[in-house]
Amino acid sequence: MWEMAWSENPPVRYRHFVTNIRVRATDEPDVLDARSNVIVSAVRQSSPTTTLHAERFDLIVRTGGGMRLRSRFVVIDETVLDFASSGCHVTLSRPPAKRKCRAADCPRASSNR
């Protein structure tokens with residue numbers, strides 16, 4: 001049996017939902033631009049369910065070994081994250097510097113987000 005840390009007793013149960021996947025070609029022949037909506041749900045026994053809502057911006061590359069993820073940028077809908085109370089761990093980082101955003105495609109270039 002696996003040993004658990006005290007914070008994982010009772011363990012947190014996660015569910016990941018990926019919906020509304022939109023894929024389109026880019027200027028590069030073997031690169032696809034994919035967008036999707038994501039919900040992560042965390043439940044610990046009788047504690048209230050914690051959810052995280054986000055939109056993902058992925059660049060996918062076709063290689064000899066199949067499709068590979070080149071980069072991922074995630075925009076979280078909430079401005080305050082309360083995932084720590086449910087035992088979830090969220091790591092926030094800056095977007096990759098190579099990612100080019102066009103105003104119509106990326107929320108970083110939009111003033112209304």
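The values are calculated or read from the model by the stated rules, or taken from the named source; none is laboratory data. For clarity, every value in this text was computed on a predicted model and none was experimentally measured. Because the Cβ atoms are built from the backbone with ideal geometry, glycine has one as well, and the counts that use them run over all protein chains shown.
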Exactly one of these conditions fails for S46: (1) under 26 Å from V80 (Cα atoms); (2) touching a residue at least 40 places away in the same chain (Cβ under 8 Å). Give me its number. (2)
Any residue at all in region 20-36 that is modelled with pLDDT under 80, assigned to a loop (DSSP other than H, G, I, E, B) and surrounded by 12 or more Cβ atoms within 10 Å (Cβ to Cβ)? no
Looking only at residues that are over 21 Å from S71 (Cα atoms) and surrounded by 14 or more Cβ atoms within 10 Å (Cβ to Cβ) in region 37-57, which one is modelled with the lowest pLDDT? R44
